[in-house]
Each structure stands twice: as structure tokens, then as C-alpha cells.
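The values are calculated or read from the model by the stated rules, or taken from the named source; none is laboratory data. It should be emphasised that the depicted structure is a prediction, and the values quoted were computed from it without experimental measurement. Don't worry about glycine lacking a Cβ; one is built from the backbone with ideal geometry, like all the others, and counts go over all protein chains shown. Side chains included, ligands, DNA and RNA excluded: accessible areas come from the protein's heavy atoms. Shrake-Rupley method; radii C 1.70, N 1.55, O 1.52, S 1.80 Å.
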Amino acid sequence: MTINTSRRGFLKGAAAAGAVLLVGARPDGALAAASSETAQFNPFVKIDADGTVTAIVKHFEKGQGPATGLPTLIAEEIGLTMDQIEYEFAPSDPNVYNNLLFGPFQGTGGSTAMANSWLQYRQAGAAAREMLINAAAQSWGVDASGITIEEGIVKAGDKSAPIAEFVAAAAQLEAPAEPRLKDPSEFRLIGNAAVRRKDSAIKGNGQAMYAMDVHLPNQMVAMIKRPESKGGIALGFDDSASKEVKGYISAAVLPNQAGVAVYAENTWAAIQARDALAVDWDMSGAETRDSDQIRSEIMAALDAEPTYNVNKADIGAVSAAIDGADKVVEKTFYFPLLAHAPMEPLNCTIEQTAEGDIVLHDGAQMPTGPHMAYQQIFQLPPEKIHIKTMLAGGSFGRRATPDADYQVEAALAFVVTDRSRPVKLVWTREDDIRSGYYRPAFGHKVRVGLDTDGNIVGWQHQIAGQSVIKGTAFEAVLVHDGVDHSSVEGVTDSPYAIPGMAVGLTDTPKATTVLWWRSVGHTHTAYAMETMMDLVAEAAGRDPVEFRLAHLSDSTNPDQQRKAAVLKLAVEKAGWGNVPTGRSQGIAVHKSFGSYAAEVVEISGDPENGIKIEKVTCAVDCGIAVNPDVVKAQMEGGIGYGIGHVMRDQITLTSGAVDQSNFPDYEPLRISDIAAIDVHIVPSAEAPTGVGEPGTPPSAPALANAIHAMSGVLVAEHPMAENGVSFA
Amino acid sequence: MSLTLKLNGQTHSVDAEPGTPLLWVIRDELKLTGTKFGCGVASCGACTVHLNGEPVRSCQTYIEDVEDAEITTIEAVGDDKIGAAVQQAWVELDVVQCGYCQSGQVMSAVGLLSENPKPSAEEIDEYMYGNACRCATYQRIRAGVQRASEILEA
Ligand code: FES
Ligand code: FES
């Protein structure tokens with residue numbers, strides 16, 4: 001395996017092949033170009049002397065498509081076919097490869113990969129095109145305006161040559177400050193549903209390399225024995241039984257005493273040796289709560305005065321308006337802890353080079369996190385730390401821990417060795433389920449008052465749960481006036497025109513380690529909002545679609561218009577209201593991560609003997625769909641992820657210890673759970689917005705609304721399977 | 001103990017203790033990393049390989065029980081026409097997302113089409129039930145199996 005972790009690495013590889021054109025950005029954001037000998041920056045695009053074009057992808061690929069989408073932007077602007085562009089993952093460099101929406105921080109999350117790369121990668125491609133064209137103009141003695149590049153061929157009149165011919169000359173030119181971007185009418189790849197993923201073949205034939213597949217010469221496999229409940233401290237261990245395991249090497253208490261690292265020659269030996277290890281724990285500071293206690297704390301908070309009056313409403317007046325209303329609809333919701341459970345159990349590998357540099361092989365979602373943590377742990381300057389980003393077997397948020405949890409754990413397991421052997425840290429599924437970070441439990445209490453005409457006169461919405469952001473490095477940016485926006489997003493910023501809305505938030509005490517989970521706060525806020533919309537419409541005697549549209553009717557408000565448009569499209573495509581006997585439909589629509597998604601779930605059966613999800617119809621507006629088929633795939637996946645968890649899953653705690661341990665008791669969505677999903681994309685000229693997460697929020701409330709339509713019962717607590725609903 | 005494995009048409013001698021799951025011999029000893037570890041308890045299918053043409057979960061198949069069997073992994077399943085058709089269909093439909101489960105999905109799909117060349121949607125759901133995909137690519141897996149069946153029919 002070649003390691004291209006630094007600029008030097010890139011350029012060395014590049015120089016060997018001859019002249020190379022590199023286009024990227026300087027730290028101040030200005031476009032820069034150079035040949036490999038002179039480059040002082042990390043590029044977005046690299047063109048080798050033989051004309052091979054490589055997109056340097058700054059976002060990691062966990063299935064959501066940047067390894068296809070970012071190369072598409074460059075290929076489009078240069079004028080290439082998708083077969084003429086390769087991709088490589090960027091090294092860790094938060095000055096150049098930062099997420100433009102995260103500041104000087106390289107990372108993927110919040111469905112931002114396309115939104116923050118859209119202009120940047122197109123500009124790099126457009127600059128490369130202009131430079132190649134200018135080089136051709138000089139060489140041919142013709143005017144640049146008469147030169148085009150199509151399918152990798154530079155053309156002017158009867159002259160034509162592959163781009164390879166002009167790479168060396170182009171590399172001597174200055175990058176244009178503002179290259180002309182193609183007009184959408186010129187797009188051949190962007191928005192083209194026939195463009196295929198670049199990583200399909202290797203993922204179907206076993207060649208794709210994930211971090212789990214790293215085998216460095218002489219590596220050891222490390223597993224960590226952790227306490228039953230978080231916060232236990234390892235005092236010592238007895239490894240006499242581990243010594244019976246062939247391949248066992250040694251064990252060591254981690255420097256932070258959070259566990260004991262067990263080292264072995266291979267994974268199976270590590271699993272057995274860890275099982276055999278006896279550890280002496282100090283559990284006096286460990287977490288001790290039961291899930292029931294978490295639940296009662298949340299429920300109590302919903303009934304008390306909220307800590308934060310989120311939208312600075314006159315709570316007393318809203319409450320009084322509801323008390324005096326003709327009808328009041330009231331519902332309390334509870335959402336349990338959830339695990340992310342990406343398919344590839346967490347792992348990463350660390351090695352030290354002969355020069356004393358540290359190299360991390362990782363499906364790195366936020367390379368800047370481990371990059372900063374490693375400077376401390378290894379006492380090294382940033383340029384001595386290299387992160388080799390591998391394909392990631394899913395994440396759903398789990399790999400984006402603000403404290404770089406598993407990478408730090410690997411580093412701690414490595415520093416206590418003599419560093420002569422690389423250390424591969426491997427988690428099992430049990431580690432993933434039991435030692436994880438969780439979607440926090442949340443509760444909502446919503447009271448809505450209606451007047452005699454069925455109009456909303458007040459909407460009082462109390463939210464309580466453990467903040468994801470507080471206590472992390474993101475607090476300064478994402479918490480305002482004490483309010484963690486991610487706890488209330490989807491309610492306070494809902495595009496619905498709701499008169500008399502009062503949103504209150506109370507943070508509940510730390511119960512366990514919590515983390516953003518695919519679509520973050522929208523996982524629970526969309527459920528509360530969209531099932532309430534149905535209940536309130538019903539109380540008002542109005543059709544749920546018409547009722548929603550009536551609150552999205554401001555023609556001067558694009559937010560409302562776009563939300564209304566996806567709702568209408570979903571209604572049309574789903575055949576809303578036209579279901580065969582024995583079937584029921586439910587609908588939900590929600591805005592998240594800048595995108596709008598409406599979903600109709602159609603079910604058969606009944607809640608007692610088993611419900612079957614026959615079809616989910618989705619309409620999405622995510623601005624320009626760079627790759628429409630990837631957008632569809634993300635909606636399909638987001639719907640499955642949302643529905644799978646509310647059907648059957650929860651994490652519960654007994655005395656601080658997680659009760660579940662593996663897929664048999666944290667059951668994934670299975671192929672038979674949803675018979676069909678049909679996705680439609682609203683055509684748009686707006687800049688691209690998120691697709692990785694927006695499919696998830698409406699899926700569960702649409703299912704709940706369908707069950708409500710069928711049975712009259714609105715399930716307000718999850719998982720559904722433990723709250724009165726059985727699934728066929 | 002030292003034993004001989006017949007894997008992907010070749011004979012390998014490996015050194016492994018009885019009770020070692022075939023999965024770890026394939027991944028750690030033979031360094032064939034296409035076969036994945038997802039759960040270790042036969043409930044996700046990521047580790048699926050063929051034993052004499054039949055899909056099995058290699059995380060729950062012990063090394064001492066497979067000495068006489070022909071083992072096929074994802075790296076070689078495409079040499080056969082059913083495997084090639086499934087892989088072609090997977091690319092045509094862009095079935096994969098993160099891809100981590102997909103070696104196992106392909107191995108199970110080949111197993112299904114080997115015994116049932118034209119499965120219905122229900123038959124696919126029943127056969128593929130044990131292959132979890134956390135990215136929820138199921139819709140395309142179903143379509144992929146049907147597309148592979150068409151390719152084979154042509
Ligand atoms: S790893 Fe074998 S079934 Fe999950
Ligand atoms: S493609 Fe990610 S788990 Fe199946």
C-alpha cells in the first residue's frame with residue numbers, strides 16, 4: 001500500500017511521472033496552480049503528464065457519494081468523461097481541505113459535502129480548463145476563445161489533441177483569479193442520472209479497502225477491555241488465562257485508565273485473549289443510571305418551567321390562548337437512546353515511520369480531530385502526523401466524535417508500546433453497541449389550541465433531553481444564549497406559519513455519552529411536529545395535506561414554497577387518498593440541512609397482527625441534484641435508517657451498563673421490512689444542499705401517521721414494536 | 001494445528017487452532033479482505049462465503065469443519081457466470097453505498113440464483129433476510145438480484 005499522506009508524498013509520486021499540473025487553493029482561499037516542482041499548496045485537482053486527471057477528494061466516502069460527486073464537478077468544468085477522472089482522498093490539511101462551513105476544520109457532517117464543495121471544486125476544474133486552453137492557444141498560435149475541451153480532447157478548428165499534450169505548458173501558467181464557470185445549460189455530467197458511482201465495482205468484488213482491511217507488516221491487533229459502565233477505572237489485571245491463547249502478546253492499562261489494551265498477533269487471538277482477561281475495576285465514579293430514571297427525569301422536565309425560552313415567546317400568553325381555545329390537542333412523546341451501528345465496526349491503525357512521524361490509517365470523518373489530538377499525545381508538530389483516509393463502512397455520525405474517541409484510544413494503546421510494531425485497534429460489534437456514543441433520549445410535550453374555525457391559536461412545545469453539543473469543542477459555535485440549537489432544530493425554525501408558537505428547552509443531566517446521529521435533532525423534532533400536524537388537522541376536521549399547505553401559503557416565502565412543492569409532488573406520486581382497501585397512508589414533510597423532503601408511507605395489515613410497509617414515496621428538493629441517482633440512493637437509505645430504528649430499536653441502561661450487545665438485540669432494518677421505495681426529485685436551479693440526512697426525518701412520522709390512520713392510535717413512544725405495534 | 005484449505009481453486013496450508021472461525025483465517029492469515037467482519041454472531045451476513053457452492057456465515061464456521069470443502073470468497077465468485085452477472089447488475093444499478101455489507105450481499109445473491117434462477121420479490125426477501133445493510137440498500141439489492149437473473153436468462 002502506498003502512503004500519500006503529505007504534500008511531499010503527493011508531489012513525489014507526481015514528479016516521478018513527469019510534469020504535473022496542480023490546481024488548488026492557497027490558505028487565503030485564492031486559486032493557485034503550479035507544476036509539481038513549485039507547488040506550495042495541496043491541490044484539488046492533479047493532472048499527470050500522461051493526462052490522467054485526479055480529483056483530490058476532501059470529504060470521506062461512507063457511501064454518501066463524494067468520491068463520485070466531487071470528481072463530477074471537476075470533470076464537468078474541465079470537459080472530461082467520468083472515465084477520464086480518478087479520485088484520491090485528501091491528506092489531513094485543515095487549511096486547504098477544510099469544510100468551508102466548519103472554519104479551519106477538515107471534516108464531513110451535517111450533509112455539507114456537496115454544499116461546501118460545489119463552487120470550490122468547480123472553480124478548480126474551470127481554472128485547469130482555462131490553463132490547458134491557454135497553453136494550447138500558445139502552442140497552436142490560435143485565439144483561446146476558439147478552443148474547447150470535450151471528452152478530454154482539446155479542439156480548435158481542425159486541430160485537436162488530448163489534454164496530456166498541454167499539461168507541461170499549462171503548469172507554467174498562473175491560475176486565473178476567476179475562471180468562467182460553465183452555465184447550467186452546458187452541464188453534461190451534473191444532473192445526469194446516467195452518471196454511475198465511481199466506487200461500485202470495487203465494492204461489489206471485494207477489492208474496496210476499508211480501514212478494517214489494513215494489514216501492515218508486523219502489526220499487532222489491539223482490543224480494549226472496557227468497564228461494564230462508562231467511567232470505571234482500570235486498576236490492574238490478571239492475564240494468566242489470556243496467556244493460554246495462542247497469539248496473545250501482552251496487555252497494558254491505558255494511560256487514562258479507561259480500559260486495558262490487549263495485544264495479539266491477529267484479530268481472533270485478540271478477541272479470545274480479551275475475553276480471558278480479568279481486570280480489577282474501580283467503579284466508584286462510573287455511571288449508574290437506569291433508562292427508567294433517564295425517562296422520568298425527561299418527563300419531569302417537560303412538566304416544569306423550561307430552562308430556556310427558545311424563541312423568546314410570551315409563554316404565559318400562549319398558554320392562556322391555548323387554555324381558552326375551543327379545542328386543545330395535547331401529546332407527550334418519548335424517544336429512547338439509539339446507537340449508530342455502522343456496518344464496519346470502528347477501527348484504525350497507527351504506525352511510526354523511521355523518521356518518527358505518526359501515520360494513522362482511518363475511515364476518517366473529521367481528520368482535524370485526531371490530527372490535533374495526536375499533536376498532544378505524541379508531542380509532535382502537525383506536519384509529522386499523517387492521516388491516510390480509507391473508505392468507511394458507514395458512520396451515521398458515529399465517526400464524527402468531537403473528542404476523536406477511537407483514534408485517541410488507538411493512540412493511547414500505541415504509546416504504551418515501544419512503537420516498533422504498528423497497532424491496529426479493532427472494535428467488535430459488542431464494543432460498538434455497548435461502549436458507544438448514542439443519540440440522546442429526548443422528550444417533547446406539545447399543546448396546541450384551535451379556535452372554532454379550526455385555526456391554530458397557540459402551539460406550546462416543550463423539549464427536554466441531553467445536549468449533544470455542550471461540553472464539546474463545538475459549543476462556542478453551536479450553542480447560543482444557552483440553547484443547543486441541535487436540540488430544537490426542526491421546531492423553532494420550522495417553515496410552517498404557526499401563530500402563537502412558544503418553544504421551551506430544558507437540558508437534562510448527563511446520562512451517558514451522546515452524539516449526533518443521522519439528522520441530529522430532526523430525528524425527534526420532525527416526529528413531534530409532523531405527527532402533531534396530523535392530530536391537529538384531525539381535531540380541526542381538516543385534511544392533513546390541505547392543513548399543512550394552509551400553513552405554507554406565503555407566496556413570498558421561498559422556504560414555505562419549496563416545502564409545499566415537495567409535499568404536493570409526494571401527494572401526486574403516491575396516489576394520496578387513493579389506496580386499495582386494507583391499506584392506509586401517512587404523510588410527513590420536513591426541512592433539514594437546507595433540503596426539503598416529503599414522504600408518504602403506505603401500509604397494510606393491522607397493528608395487532610402485524611403491519612407491513614408496502615411502499616414509501618419520497619419527494620425531495622435539494623437544490624441542483626449533482627448526481628440524481630446518488631440523491632435517490634441517499635433518500636432510500638435515509639428512509640430505511642429512520643424507519644428501521646423506530647420500528648424495533650432502543651438502547652437501554654441498567655445501572656449505567658448497556659443492556660443490548662449485538663444485532664440480535666439491536667435488530668437492523670431487514671430487506672423484507674419495506675417492500676418498495678420510490679423517490680422523485682424536484683428540478684431546481686438552487687445551489688446544492690444536503691442529501692445524506694434529509695431523507696430520515698419525515699420517514700418515521702409518516703409511518704406513525706399511517707398507523708394512526710389505520711388504527712386511530714398515534715404511537716408517541718419508541719420503539720414502536722414495544723409500544724403496541726407489531727410488524728409482519 | 002496445521003491444515004489444508006481449498007479456497008478459490010487453490011490449496012493453502014494454514015496454521016490455526018481448532019475453533020478458529022474461518023472468517024479470521026481468510027482475513028488475517030490469507031489476507032483476503034473482501035470477506036467482512038460485521039457481527040461475529042451470524043446475524044449480519046457480511047462474512048458470507050460459499051462452502052461447496054452454498055452460502056455460509058464464515059464467522060460461525062470453524063476451521064476444522066471445512067478441510068474437505070471447496071471454499072469460494074468474493075474475490076473469486078466473479079469467475080463463475082452467476083457471480084459475474086450479479087456483479088454486473090450491482091454496477092449497473094449502483095446498489096452499493098458504503099459497500100461494507102456488499103461482499104456478503106453478492107455471495108448470498110449468487111447462492112439464491114444458483115438454486116432459484118428467477119426468484120420473486122418475496123423469495124428474494126426471504127433468502128436475503130439474514131444479510132443486513134445498515135445503509136439500507138435493500139431496494140436495489142432486490143432489483144439487482146432480478147437484474148442478474150435477466151442477464152443470466154439472456
Ligand atoms: S460477521 Fe458473520 S454474520 Fe455478521
Ligand atoms: S452498503 Fe453500507 S452496509 Fe450495506
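Please go through segment A:423-433 and pick out each residue that is hydrophobic (A, V, I, L, M, F, W, C) and within 16 Å of ligand 1 (Cβ to nearest atom).
Restricting attention to segment A:423-433, the residues satisfying the condition of being hydrophobic (A, V, I, L, M, F, W, C) are A:423, A:425-427, A:433.
A:Val426, A:Trp427, A:Ile433 - these are the residues of segment A:423-433 that are hydrophobic (A, V, I, L, M, F, W, C) and within 16 Å of ligand 1 (Cβ to nearest atom).
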query: Taking A:Glu351 and the conditions (1) out of contact with any Pro (no Cβ under 9 Å at 6 or more places or on another chain); (2) modelled with pLDDT of 95 or more, which numbered condition does it fall short on, given that it satisfies the others?
result: (1)
field: Residue satisfying condition, being surrounded by fewer than 24 Cβ atoms within 10 Å (Cβ to Cβ), within 14 Å of chain A (Cβ to nearest Cβ), touching a Pro at 6+ places or on another chain (Cβ under 8 Å) and not in a helix (DSSP H, G or I), within set B:Val14, B:Val41
entry: B:Val41
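Pick from A:Asp673, A:Asp629: which is acidic (Asp, Glu) and closer than 28 Å to B:Ser43 by Cα? Break it down stepwise before answering.
Values: A:Asp629 fails: closer than 28 Å to B:Ser43 by Cα.
On inspection, the qualifying residue turns out to be A:Asp673.
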message: Of everything in segment B:52-77, what is in contact with a helix residue (DSSP H, G or I) (Cβ under 9 Å, 6 or more places away or on another chain), open to solvent by 30 Å² or more (accessible area, probe 1.4 Å), on the phi < 0 side of the Ramachandran plot and away from chain A (no Cβ under 14 Å)? Give them in sequence order.
response: B:Glu54, B:Pro55, B:Val56, B:Asp65
- prompt: So, of the residues in segment B:33-72 that are closer than 16 Å to B:Val106 by Cβ and hydroxyl-bearing (Ser, Thr, Tyr), which turns out to be nearest to ligand 2 (Cβ to nearest atom)?
  reply: B:Thr48
- line: Across segment A:538-572, the tally of residues that are free of Cβ contacts under 8 Å to residues at least 24 places away in the same chain, surrounded by fewer than 20 Cβ atoms within 10 Å (Cβ to Cβ) and of a type in the set (Gly, Ala, Ser) stands at 2
statement: Of the residues in segment A:9-27, those that are surrounded by fewer than 21 Cβ atoms within 10 Å (Cβ to Cβ) and either in contact with a helix residue (DSSP H, G or I) (Cβ under 9 Å, 6 or more places away or on another chain) or modelled with pLDDT under 75 (or both) come to A:Gly9, A:Lys12, A:Gly13, A:Ala15, A:Ala16, A:Ala17, A:Gly18, A:Ala19, A:Pro27
query: In the set A:Thr389, A:Thr428, A:Thr417, which member is out of contact with any Lys or Arg (no Cβ under 8 Å at 6 or more places or on another chain) and under 21 Å from A:Glu61 (Cα atoms)?
result: A:Thr389
- prompt: Within segment A:392-405, is even one residue away from every other protein chain (no Cβ under 14 Å) and buried (at least 24 other Cβ atoms within 10 Å of the Cβ)?
  reply: yes
- line: Of those in segment A:176-209 that are more than 23 Å from the chain's Cα centre (by Cα) and open to solvent by less than 20 Å² (accessible area, probe 1.4 Å), the residue farthest from the other protein chains (Cβ to nearest Cβ) is A:Pro179
message: Would you confirm whether or not segment A:354-363 contains a residue that is closer than 27 Å to A:Asp418 by Cβ, of a type in the set (A, V, I, L, M), buried (at least 23 other Cβ atoms within 10 Å of the Cβ) and within 14 Å of chain B (Cβ to nearest Cβ)?
response: no
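Tell me, yes or no, whether segment A:139-157 has at least one residue that is of a type in the set (Lys, Arg) and open to solvent by less than 60 Å² (accessible area, probe 1.4 Å). Spell out how you get there, then give the answer.
Taking segment A:139-157 as the starting set, the residues that turn out to be of a type in the set (Lys, Arg) are A:155.
Add one more test, that the residue is open to solvent by less than 60 Å² (accessible area, probe 1.4 Å), and what stays is none.
No; the residues of segment A:139-157 include none that is of a type in the set (Lys, Arg) and open to solvent by less than 60 Å² (accessible area, probe 1.4 Å).
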task: For B:Val86, work out the one condition from (1) on the phi > 0 side of the Ramachandran plot; (2) of a type outside the set (Asp, Glu); (3) within 12 Å of chain A (Cβ to nearest Cβ) it doesn't fulfil.
output: (1)
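Test A:Ser711 against the stated conditions and say whether it is touching a strand residue (DSSP E or B) at 6+ places or on another chain (Cβ under 9 Å), within 14 Å of chain B (Cβ to nearest Cβ) and either under 29 Å from A:Gly231 (Cβ atoms) or small (Gly, Ala, Ser) (or both).
Details: touching a strand residue (DSSP E or B) at 6+ places or on another chain (Cβ under 9 Å): yes; within 14 Å of chain B (Cβ to nearest Cβ): no; either under 29 Å from A:Gly231 (Cβ atoms) or small (Gly, Ala, Ser) (or both): yes.
When the stated conditions are applied, A:Ser711 does not pass them.
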- prompt: So B:Gly34 clears everything in (1) out of contact with any Asp or Glu (no Cβ under 7 Å at 6 or more places or on another chain); (2) buried (at least 23 other Cβ atoms within 10 Å of the Cβ); (3) at the interface with chain A (Cβ under 7 Å from one of its Cβ atoms); (4) in contact (Cβ under 8 Å) with a residue 24 or more places away in the chain except one condition, right? Which one?
  reply: (1)
Any hit, segment A:92-114, residues being modelled with pLDDT of 80 or more, outside any loop (DSSP other than H, G, I, E, B) and over 17 Å from A:Gly191 (Cα atoms): no
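Does B:Cys101 qualify as being within 10 Å of chain A (Cβ to nearest Cβ) and touching a Phe, Trp or Tyr at 6+ places or on another chain (Cβ under 9 Å)? Talk me through it step by step, then tell me what you get.
On the way: within 10 Å of chain A (Cβ to nearest Cβ): yes; touching a Phe, Trp or Tyr at 6+ places or on another chain (Cβ under 9 Å): no.
Answer is no for this residue.
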statement: Scanning segment B:99-115 for residues that are away from ligand 1 (no atom under 15 Å from the Cβ) and either touching a residue at least 12 places away in the same chain (Cβ under 8 Å) or open to solvent by 40 Å² or more (accessible area, probe 1.4 Å) (or both) gives B:Ala109, B:Val110, B:Leu112, B:Leu113, B:Ser114, B:Glu115
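Tell me the strands (runs of 3 or more DSSP E) entirely within segment A:577-694 that contain at least 3 residues that are more than 30 Å from A:Arg226 (Cβ to Cβ) and away from chain B (no Cβ under 12 Å).
Details: elements: A:583-592, A:595-606, A:610-621, A:677-681.
Filter on segment A:577-694 gives A:583-592, A:595-606, A:610-621.
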